[in-house]
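For reference, the structure discussed in these notes is given below.
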Amino acid sequence: MAHGPARVEAMNHASTHSSASDHHGQAGILDLDAEVLAAHLASITSWLPVSSAPRDLVDLCSGTGAGTFALLARFPGARVTAVDSSAEHLHRLREKALERGVADRVRTVLADLDDADWPDLGAPDLVWASASLHHMADPDRTLRRVRDALAPGGLLAVVELAGFPRFLPADAPEEAPGLEDRCHAVGHHDHAGRMPHRGADWGPKLTAAGFAVEDGRTVAVDLPGAQCDAVGRYAVATLRRLRGSVAPGLSGADLAALDGLLDVDGPRSILRRADLGVRTERTVWAARRS
Ligand SMILES: C[S@@+](CC[C@H](N)C(=O)[O-])C[C@H]1O[C@@H](n2cnc3c(N)ncnc32)[C@H](O)[C@@H]1O
(Lines give C-alpha, C1' and ligand atoms only; values in the text may rest on other atoms or scores of the structure.)
Protein backbone atom coordinates (compact mmCIF):
# COMPACT_ATOMS: atom_id res chain seq x y z
CA MET A 1 0.00 0.00 0.00
CA ALA A 2 1.23 3.48 -0.70
CA HIS A 3 1.76 5.42 2.47
CA GLY A 4 -1.25 7.54 3.25
CA PRO A 5 -3.80 6.34 0.68
CA ALA A 6 -6.00 9.23 -0.41
CA ARG A 7 -9.07 6.99 -0.52
CA VAL A 8 -9.04 6.36 3.20
CA GLU A 9 -12.12 7.66 4.93
CA ALA A 10 -12.00 7.74 8.66
CA MET A 11 -15.22 6.80 10.28
CA ASN A 12 -16.90 7.65 13.46
CA HIS A 13 -19.40 4.90 13.92
CA ALA A 14 -19.31 5.70 17.61
CA SER A 15 -18.95 9.42 17.77
CA THR A 16 -17.18 10.97 20.68
CA HIS A 17 -18.71 14.22 21.68
CA SER A 18 -22.04 12.66 22.48
CA SER A 19 -24.06 13.37 25.56
CA ALA A 20 -23.24 11.60 28.79
CA SER A 21 -26.49 9.65 28.59
CA ASP A 22 -25.45 8.32 25.21
CA HIS A 23 -22.08 7.03 26.30
CA HIS A 24 -23.43 3.68 27.39
CA GLY A 25 -24.52 2.98 23.81
CA GLN A 26 -21.18 4.09 22.48
CA ALA A 27 -19.28 1.93 24.96
CA GLY A 28 -21.40 -1.06 23.95
CA ILE A 29 -20.66 -0.50 20.27
CA LEU A 30 -16.93 -0.15 20.95
CA ASP A 31 -17.01 -3.46 22.85
CA LEU A 32 -18.86 -5.16 19.99
CA ASP A 33 -16.48 -3.62 17.48
CA ALA A 34 -13.55 -5.11 19.41
CA GLU A 35 -15.25 -8.51 19.64
CA VAL A 36 -16.26 -8.77 16.00
CA LEU A 37 -12.99 -7.45 14.60
CA ALA A 38 -10.64 -9.10 17.11
CA ALA A 39 -8.85 -11.23 14.52
CA HIS A 40 -8.30 -8.26 12.22
CA LEU A 41 -6.98 -6.18 15.08
CA ALA A 42 -4.61 -9.00 16.05
CA SER A 43 -3.36 -9.13 12.46
CA ILE A 44 -2.58 -5.41 12.64
CA THR A 45 -0.71 -5.64 15.96
CA SER A 46 1.31 -8.61 14.68
CA TRP A 47 2.24 -6.68 11.58
CA LEU A 48 3.60 -3.63 13.45
CA PRO A 49 7.25 -3.05 12.46
CA VAL A 50 8.95 -3.43 15.85
CA SER A 51 12.47 -4.80 16.12
CA SER A 52 12.27 -5.37 19.86
CA ALA A 53 9.08 -5.74 21.89
CA PRO A 54 7.92 -2.38 23.21
CA ARG A 55 7.35 -2.25 26.97
CA ASP A 56 5.79 1.15 27.57
CA LEU A 57 2.72 1.75 25.43
CA VAL A 58 0.07 4.46 25.20
CA ASP A 59 -3.41 3.89 23.76
CA LEU A 60 -4.57 7.35 22.71
CA CYS A 61 -8.37 7.79 22.89
CA SER A 62 -8.52 4.21 24.07
CA GLY A 63 -12.30 3.93 24.29
CA THR A 64 -13.16 0.70 26.11
CA GLY A 65 -9.79 -0.84 25.28
CA ALA A 66 -9.95 -2.60 21.91
CA GLY A 67 -6.37 -1.56 21.21
CA THR A 68 -5.19 -1.81 24.81
CA PHE A 69 -6.08 -5.50 25.08
CA ALA A 70 -4.86 -6.35 21.58
CA LEU A 71 -1.50 -4.76 22.44
CA LEU A 72 -1.25 -6.49 25.82
CA ALA A 73 -1.84 -9.81 24.07
CA ARG A 74 0.71 -9.03 21.37
CA PHE A 75 3.39 -7.79 23.77
CA PRO A 76 3.22 -9.88 26.96
CA GLY A 77 5.91 -7.83 28.73
CA ALA A 78 4.25 -4.50 28.06
CA ARG A 79 2.21 -2.07 30.13
CA VAL A 80 -0.37 0.20 28.53
CA THR A 81 -1.45 3.69 29.54
CA ALA A 82 -4.98 4.16 28.21
CA VAL A 83 -6.03 7.80 27.78
CA ASP A 84 -9.56 8.94 27.07
CA SER A 85 -11.91 11.81 27.88
CA SER A 86 -14.76 9.47 28.76
CA ALA A 87 -14.80 8.30 32.38
CA GLU A 88 -17.32 5.64 31.42
CA HIS A 89 -15.12 4.20 28.70
CA LEU A 90 -12.16 4.06 31.06
CA HIS A 91 -14.30 2.47 33.78
CA ARG A 92 -15.36 -0.24 31.34
CA LEU A 93 -11.73 -0.70 30.28
CA ARG A 94 -10.65 -1.19 33.91
CA GLU A 95 -13.49 -3.69 34.48
CA LYS A 96 -12.30 -5.68 31.49
CA ALA A 97 -8.69 -5.51 32.65
CA LEU A 98 -9.74 -7.02 35.99
CA GLU A 99 -11.85 -9.71 34.30
CA ARG A 100 -8.88 -10.65 32.12
CA GLY A 101 -6.34 -10.60 34.94
CA VAL A 102 -4.21 -7.84 33.43
CA ALA A 103 -5.17 -4.91 35.68
CA ASP A 104 -1.57 -4.60 36.89
CA ARG A 105 -0.49 -3.93 33.31
CA VAL A 106 -2.97 -1.13 32.63
CA ARG A 107 -3.04 2.48 33.78
CA THR A 108 -5.98 4.67 32.83
CA VAL A 109 -5.73 8.43 32.45
CA LEU A 110 -8.84 10.58 32.16
CA ALA A 111 -7.90 13.57 30.01
CA ASP A 112 -9.20 15.72 27.22
CA LEU A 113 -6.41 15.55 24.66
CA ASP A 114 -7.63 18.78 23.08
CA ASP A 115 -6.69 20.65 26.25
CA ALA A 116 -3.69 22.96 26.26
CA ASP A 117 -1.94 20.79 28.86
CA TRP A 118 -1.40 17.12 28.29
CA PRO A 119 -1.13 14.58 31.08
CA ASP A 120 2.29 13.08 31.73
CA LEU A 121 2.40 10.03 29.47
CA GLY A 122 6.01 9.17 30.20
CA ALA A 123 8.24 8.29 27.26
CA PRO A 124 6.39 5.45 25.50
CA ASP A 125 8.07 3.34 22.86
CA LEU A 126 4.76 2.72 21.10
CA VAL A 127 1.70 4.96 20.80
CA TRP A 128 -1.48 3.47 19.34
CA ALA A 129 -4.14 5.83 17.97
CA SER A 130 -7.13 3.96 16.55
CA ALA A 131 -10.17 5.88 15.32
CA SER A 132 -8.76 8.67 17.44
CA LEU A 133 -7.01 11.36 15.45
CA HIS A 134 -10.04 12.49 13.51
CA HIS A 135 -11.69 13.32 16.85
CA MET A 136 -9.01 15.83 17.70
CA ALA A 137 -9.75 19.51 17.23
CA ASP A 138 -6.20 20.01 15.94
CA PRO A 139 -4.75 16.65 14.89
CA ASP A 140 -1.52 18.22 13.62
CA ARG A 141 -0.84 19.54 17.12
CA THR A 142 -1.73 16.13 18.56
CA LEU A 143 0.77 14.45 16.23
CA ARG A 144 3.50 16.88 17.28
CA ARG A 145 2.74 16.20 20.92
CA VAL A 146 2.90 12.46 20.33
CA ARG A 147 6.25 12.88 18.57
CA ASP A 148 7.58 14.88 21.50
CA ALA A 149 6.34 12.31 24.02
CA LEU A 150 7.70 9.23 22.22
CA ALA A 151 11.02 7.74 23.24
CA PRO A 152 13.72 8.19 20.58
CA GLY A 153 13.01 5.75 17.76
CA GLY A 154 9.51 5.13 19.14
CA LEU A 155 6.64 4.08 16.90
CA LEU A 156 3.22 5.63 16.34
CA ALA A 157 0.51 3.38 14.88
CA VAL A 158 -2.42 5.29 13.40
CA VAL A 159 -5.46 3.20 12.57
CA GLU A 160 -8.45 4.65 10.80
CA LEU A 161 -11.64 3.10 9.53
CA ALA A 162 -13.17 3.25 6.11
CA GLY A 163 -16.60 4.83 6.22
CA PHE A 164 -19.44 3.20 8.10
CA PRO A 165 -19.45 -0.58 8.25
CA ARG A 166 -21.84 -2.24 5.78
CA PHE A 167 -24.15 -4.94 7.03
CA LEU A 168 -26.26 -5.74 3.95
CA PRO A 169 -25.69 -6.04 0.20
CA ALA A 170 -26.11 -2.87 -1.85
CA ASP A 171 -29.50 -3.95 -3.22
CA ALA A 172 -31.04 -4.71 0.18
CA PRO A 173 -33.54 -4.62 1.73
CA GLU A 174 -36.21 -5.62 -0.76
CA GLU A 175 -38.61 -2.79 0.15
CA ALA A 176 -35.91 -0.09 0.00
CA PRO A 177 -32.88 -1.20 -2.06
CA GLY A 178 -29.80 0.89 -1.33
CA LEU A 179 -31.07 1.93 2.10
CA GLU A 180 -27.68 1.68 3.80
CA ASP A 181 -26.03 3.87 1.17
CA ARG A 182 -28.65 6.55 1.71
CA CYS A 183 -28.23 6.33 5.50
CA HIS A 184 -24.47 6.67 5.10
CA ALA A 185 -24.82 9.67 2.80
CA VAL A 186 -26.91 11.48 5.42
CA GLY A 187 -24.52 10.35 8.17
CA HIS A 188 -21.42 11.52 6.31
CA HIS A 189 -22.97 14.93 5.81
CA ASP A 190 -23.74 15.12 9.53
CA HIS A 191 -20.26 14.00 10.60
CA ALA A 192 -18.41 16.21 8.09
CA GLY A 193 -19.62 19.29 9.94
CA ARG A 194 -18.61 18.00 13.36
CA MET A 195 -15.37 16.22 12.44
CA PRO A 196 -13.72 17.94 9.50
CA HIS A 197 -10.58 15.76 9.79
CA ARG A 198 -12.45 12.56 9.02
CA GLY A 199 -10.96 11.04 5.90
CA ALA A 200 -7.72 13.02 6.15
CA ASP A 201 -4.64 11.60 4.45
CA TRP A 202 -2.55 10.94 7.56
CA GLY A 203 0.70 10.14 5.73
CA PRO A 204 1.65 13.76 4.89
CA LYS A 205 0.42 14.91 8.29
CA LEU A 206 2.70 12.39 9.98
CA THR A 207 5.65 13.53 7.91
CA ALA A 208 4.92 17.19 8.63
CA ALA A 209 4.82 16.41 12.36
CA GLY A 210 8.34 14.92 12.29
CA PHE A 211 7.64 11.23 11.69
CA ALA A 212 9.07 8.92 9.07
CA VAL A 213 6.21 6.79 7.74
CA GLU A 214 7.72 3.30 7.62
CA ASP A 215 4.85 1.25 6.37
CA GLY A 216 1.11 1.07 5.91
CA ARG A 217 -1.59 -1.34 4.97
CA THR A 218 -5.31 -1.64 4.55
CA VAL A 219 -7.10 -4.60 6.08
CA ALA A 220 -10.39 -5.57 4.46
CA VAL A 221 -13.04 -7.03 6.73
CA ASP A 222 -15.77 -9.24 5.24
CA LEU A 223 -17.40 -11.42 7.87
CA PRO A 224 -20.59 -13.38 7.29
CA GLY A 225 -23.17 -12.88 10.04
CA ALA A 226 -24.00 -16.56 10.22
CA GLN A 227 -20.63 -17.33 11.82
CA CYS A 228 -21.03 -15.07 14.79
CA ASP A 229 -23.93 -13.85 16.95
CA ALA A 230 -21.96 -10.75 17.78
CA VAL A 231 -22.25 -9.62 14.15
CA GLY A 232 -26.04 -9.35 14.58
CA ARG A 233 -25.69 -7.46 17.86
CA TYR A 234 -23.09 -5.21 16.28
CA ALA A 235 -25.34 -4.52 13.27
CA VAL A 236 -28.37 -3.71 15.42
CA ALA A 237 -26.43 -1.48 17.84
CA THR A 238 -24.62 0.37 15.04
CA LEU A 239 -27.70 0.89 12.89
CA ARG A 240 -29.76 2.00 15.92
CA ARG A 241 -27.14 4.61 16.68
CA LEU A 242 -26.98 5.66 13.05
CA ARG A 243 -30.78 5.94 12.98
CA GLY A 244 -30.55 8.45 15.81
CA SER A 245 -28.60 10.88 13.67
CA VAL A 246 -29.93 10.19 10.17
CA ALA A 247 -33.67 9.76 10.74
CA PRO A 248 -34.57 13.40 9.97
CA GLY A 249 -32.78 13.15 6.62
CA LEU A 250 -34.47 9.94 5.45
CA SER A 251 -37.69 9.55 3.48
CA GLY A 252 -40.67 8.01 5.24
CA ALA A 253 -40.25 4.82 3.22
CA ASP A 254 -36.56 4.52 4.12
CA LEU A 255 -37.22 5.19 7.78
CA ALA A 256 -39.95 2.53 7.82
CA ALA A 257 -37.58 0.05 6.15
CA LEU A 258 -34.82 0.87 8.64
CA ASP A 259 -37.22 0.44 11.55
CA GLY A 260 -38.27 -2.91 10.08
CA LEU A 261 -34.65 -4.06 10.09
CA LEU A 262 -34.19 -2.82 13.65
CA ASP A 263 -37.35 -4.45 15.01
CA VAL A 264 -35.51 -7.54 16.19
CA ASP A 265 -38.73 -9.42 16.93
CA GLY A 266 -40.39 -8.44 13.65
CA PRO A 267 -40.55 -10.30 10.34
CA ARG A 268 -38.10 -7.95 8.61
CA SER A 269 -35.49 -7.99 11.38
CA ILE A 270 -31.92 -7.75 10.17
CA LEU A 271 -31.19 -10.70 12.47
CA ARG A 272 -33.36 -12.94 10.26
CA ARG A 273 -31.43 -12.13 7.11
CA ALA A 274 -29.10 -14.69 5.59
CA ASP A 275 -27.21 -11.90 3.82
CA LEU A 276 -26.23 -10.15 7.07
CA GLY A 277 -22.48 -9.59 7.39
CA VAL A 278 -19.87 -6.96 8.27
CA ARG A 279 -17.90 -5.33 5.49
CA THR A 280 -15.46 -2.58 6.34
CA GLU A 281 -11.80 -1.62 6.10
CA ARG A 282 -9.12 -0.47 8.49
CA THR A 283 -6.01 1.33 7.37
CA VAL A 284 -2.89 1.56 9.48
CA TRP A 285 0.17 3.78 9.20
CA ALA A 286 3.31 2.89 11.14
CA ALA A 287 5.38 6.03 11.72
CA ARG A 288 8.73 6.31 13.49
CA ARG A 289 9.83 9.36 15.44
CA SER A 290 12.56 10.68 13.18
C1 LIG B 1 -14.27 6.01 17.95
S2 LIG B 1 -13.71 5.87 19.61
C3 LIG B 1 -12.26 4.86 19.38
C4 LIG B 1 -11.93 4.10 20.62
C5 LIG B 1 -10.77 3.12 20.49
N6 LIG B 1 -9.53 3.77 20.11
C7 LIG B 1 -11.10 2.00 19.53
O8 LIG B 1 -10.42 1.85 18.52
O9 LIG B 1 -12.05 1.25 19.81
C10 LIG B 1 -13.03 7.46 19.96
C11 LIG B 1 -12.63 7.64 21.40
O12 LIG B 1 -11.98 8.91 21.52
C13 LIG B 1 -12.34 9.49 22.74
N14 LIG B 1 -12.11 10.95 22.59
C15 LIG B 1 -12.73 11.77 21.73
N16 LIG B 1 -12.27 13.01 21.85
C17 LIG B 1 -11.33 12.98 22.81
C18 LIG B 1 -10.49 13.97 23.39
N19 LIG B 1 -10.54 15.24 23.02
N20 LIG B 1 -9.61 13.58 24.35
C21 LIG B 1 -9.55 12.29 24.75
N22 LIG B 1 -10.34 11.30 24.22
C23 LIG B 1 -11.21 11.66 23.27
C24 LIG B 1 -13.79 9.08 22.94
O25 LIG B 1 -14.21 9.17 24.28
C26 LIG B 1 -13.78 7.66 22.41
O27 LIG B 1 -13.55 6.74 23.43
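Find the helices (runs of 4 or more DSSP H) located wholly in the stretch 29-131 whose residues include 1 or more that are over 14 Å from residue 146 (Cα atoms), of a type in the set (Phe, Trp, Tyr) and at pLDDT 95 or above, and list them.
38-47, 66-74
Go through the stretch 109-125 and count every residue that is of a type outside the set (D, E, K, R) and within 18 Å of the chain's Cα centre (by Cα).
Going through the stretch 109-125 one residue at a time, the tally reaches 1.
What pairs come out if I take residues in the stretch 129-147 that are in contact (Cβ under 8 Å) with a residue 24 or more places away in the chain and hydroxyl-bearing (Ser, Thr, Tyr) and pair them with residues that are open to solvent by 30 Å² or more (accessible area, probe 1.4 Å) and not in a helix (DSSP H, G or I) whose C-beta lies under 8 Å away, six or more apart or interchain?
130/61; 132/61
What are the residues in the stretch 116-128 that are touching a residue at least 40 places away in the same chain (Cβ under 8 Å) and over 23 Å from residue 42 (Cα atoms), if any?
Those that are touching a residue at least 40 places away in the same chain (Cβ under 8 Å) and over 23 Å from residue 42 (Cα atoms): 121, 122, 123.
Can you confirm whether residue 113 is in contact (Cβ under 8 Å) with a residue 12 or more places away in the chain and either in contact with a His (Cβ under 8 Å, 6 or more places away or on another chain) or near the ligand (Cβ under 9 Å from one of its atoms) (or both)?
The answer is yes for residue 113.
If a residue must be within 9 Å of the ligand (Cβ to nearest atom) and open to solvent by 10 Å² or more (accessible area, probe 1.4 Å), how many such residues does the stretch 34-61 contain?
Total satisfying the criteria: 3.
Limited to the stretch 118-171, what total is found for residues that are open to solvent by 40 Å² or more (accessible area, probe 1.4 Å), within 13 Å of the ligand (Cβ to nearest atom) and touching a strand residue (DSSP E or B) at 6+ places or on another chain (Cβ under 7 Å)?
Qualifying residue count, the stretch 118-171: 0.
Looking at (1) closer than 15 Å to residue 131 by Cα; (2) surrounded by fewer than 15 Cβ atoms within 10 Å (Cβ to Cβ); (3) touching a Lys or Arg at 6+ places or on another chain (Cβ under 7 Å), which one does residue 196 not meet, given that it meets all the others?
Failing condition for residue 196: (3).
Could you list, in sequence order, the residues of the stretch 268-290 that are hydroxyl-bearing (Ser, Thr, Tyr) and open to solvent by 20 Å² or more (accessible area, probe 1.4 Å)?
290
The values are calculated or read from the model by the stated rules, or taken from the named source; none is laboratory data. For clarity, every value in this text was computed on a predicted model and none was experimentally measured. We place every Cβ from the backbone using ideal geometry, glycine too, and count neighbours over all the protein chains shown. What goes into the accessible areas is simple: the full protein's heavy atoms, side chains included, and nothing from ligands, DNA or RNA. Shrake-Rupley method; radii C 1.70, N 1.55, O 1.52, S 1.80 Å.
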